Each structure stands twice: as C-alpha cells, then as structure tokens.
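Undergrad: To start, I am sharing the structure in question, which I have written as structure tokens.
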Amino acid sequence: LFFIDKVSNYLDYSEEGSEVEGQFAKWFDELFIEERAKSDMYKDLLPQDPHELRRAYFSVMKKGGKSKAIDSSERGNSNDNDAYDLIMRDKERLLSGDEPVRFIFSHSALREGWDNPNVFQICVLREMGATLERRQTIGRGLRLPVNADGERVKESSIAQLTVISNESYREFADSLQREYKAAGVSIGFVRKEEFS
C-alpha cells in the first residue's frame with residue numbers, strides 16, 4: 001500500500017485531457033521489471049505485466065487546474081471503475097489468489113474506513129502530519145491477515161507489517177510500538193480484562 005504525495009505523481013492529464021501515467025507509476029513498472037529479472041522466483045511468482053499488478057484509488061483529482069471529488073460512476077475509463085470497485089467494494093476479490101493486483105496507490109482516501117486484512121507493507125511517500133493521520137495510515141496494516149479460506153492467521157511470522165517511511169515516521173512507529181507493549185497488546189490475542 002503506497003501513500004503518495006500528489007495524485008499527479010501517479011495519474012495526470014495531458015493538455016488534451018487524456019489520462020497519462022505519472023512518474024510513480026512509470027518508476028514502479030521500471031523497477032518491478034528490473035527486480036523481477038534478477039530472480040527466477042519472482043518471475044514465477046508474479047509473471048504479469050506490472051501494470052496488471054497495481055491499481056490506485058484517489059478521492060480527489062485535479063483536471064484542468066480544478067479539484068474535484070471522485071464519483072466512480074463519472075469515471076470514463078473502465079479500468080478506473082474496476083479499480084474503484086476492486087479496492088473499495090470487493091474485498092473478497094481483492095484477497096483472492098486469482099486477482100493479480102498486489103500493489104495499491106492512494107493519497108489519503110484509504111486512511112480510515114477501509115479494511116483489507118492482507119496489507120503487509122505500507123510505503124509512505126509523503127509527509128504525514130498529525131498523530132491521528134499517522135495512526136489511521138499505519139492502522140491499514142494492523143489487521144490479522146486471512147488465508148485462502150478466509151481464516152485469520154495469528155502466526156507472527158506471517159502477521160507482520162513493514163512500514164517504509166522517513167525518519168519522523170520511524171520515531172512515531174517506534175513510539176506506537178512502545179505504547180502497545182506497555183499496554184500489553186499482542187498480535188492475535190485478547191486479554192482477559194477485555195472480556196465483559
């Protein structure tokens with residue numbers, strides 16, 4: 001799950017008004033192809049074109065210099081509608097092994113109210129402000145993952161979150177981990193005092 005600084009870095013519009021890929025989408029594809037070429041394991045694991053493996057959802061986009069809230073029914077491109085449906089509405093399909101999408105790009109739309117238990121990496125490519133925003137962002141990956149049968153996996157070697165970010169976010173994450181440890185929070189277990 002990538003949180004990017006500007007929507008236009010992933011998707012922008014040409015002077016004629018058609019959609020064009022931004023630098024993050026282009027870089028992702030280039031680096032993915034380069035890294036996959038280094039390992040036969042990755043060639044077999046993810047043989048698809050990198051464009052098939054990534055989707056994006058943004059709640060606000062700029063077109064012609066004006067910001068506008070996104071209504072998926074207004075999007076002209078069927079790929080955009082499909083991305084919205086996949087990311088926001090069809091969690092079962094997104095979690096399916098048959099679905100090629102493995103990487104999601106967003107700006108801020110997926111901070112709260114979006115529940116996908118199988119987020120294992122969060123890459124923060126923008127400055128995160130308030131503590132609440134940081135908690136919501138990191139919360140996207142603080143779920144017990146599910147297996148192919150939809151059962152929660154409590155095994156700590158699988159239920160791990162990696163956050164790739166800047167130094168200020170690292171300080172926040174370290175502080176949050178200390179806070180959880182002091183409160184006795186552990187992955188996959190409910191304390192006796194939490195039962196009523």
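The values are calculated or read from the model by the stated rules, or taken from the named source; none is laboratory data. Computed from a prediction, not measured in an experiment: that's the story for all the values here. Note that each Cβ is placed from the backbone with ideal geometry, even for glycine, and that neighbours are counted across all protein chains shown. Each accessible area value is taken on the protein alone, full model and side chains, heavy atoms only, with ligands, DNA and RNA left out. Shrake-Rupley method; radii C 1.70, N 1.55, O 1.52, S 1.80 Å.
Undergrad: What is the residue count in region 1-19 for residues that are open to solvent by 30 Å² or more (accessible area, probe 1.4 Å) and either within 21 Å of the chain's Cα centre (by Cα) or within 23 Å of residue 94 (Cβ to Cβ) (or both)?
TA: 6
Undergrad: A further question on this structure: Any residue that is at pLDDT 80 or above and part of a strand (DSSP E or B) - is there at least one of those in region 126-143?
TA: The answer is no; no qualifying residue exists.
Undergrad: Something else now. More than 13 Å from the chain's Cα centre (by Cα), modelled with pLDDT of 85 or more and surrounded by 14 or more Cβ atoms within 10 Å (Cβ to Cβ): which single residue out of 146, 119 fits that description?
TA: On the way: 119 fails: more than 13 Å from the chain's Cα centre (by Cα).
Result of the check over 146, 119: 146.
Undergrad: A further question on this structure: Yes or no: region 127-137 includes at least one residue that is open to solvent by 20 Å² or more (accessible area, probe 1.4 Å), under 13 Å from the mean Cα position of the chain (by Cα), among the basic types (Lys, Arg) and closer than 20 Å to residue 177 by Cα.
TA: No, there is no match, as no residue in region 127-137 is open to solvent by 20 Å² or more (accessible area, probe 1.4 Å), under 13 Å from the mean Cα position of the chain (by Cα), among the basic types (Lys, Arg) and closer than 20 Å to residue 177 by Cα.
Undergrad: Considering only region 30-53, I want to know if a residue exists there that is farther than 29 Å from residue 160 by Cα, at pLDDT 90 or above and assigned to a loop (DSSP other than H, G, I, E, B).
TA: No, every residue in region 30-53 fails to be farther than 29 Å from residue 160 by Cα, at pLDDT 90 or above and assigned to a loop (DSSP other than H, G, I, E, B).
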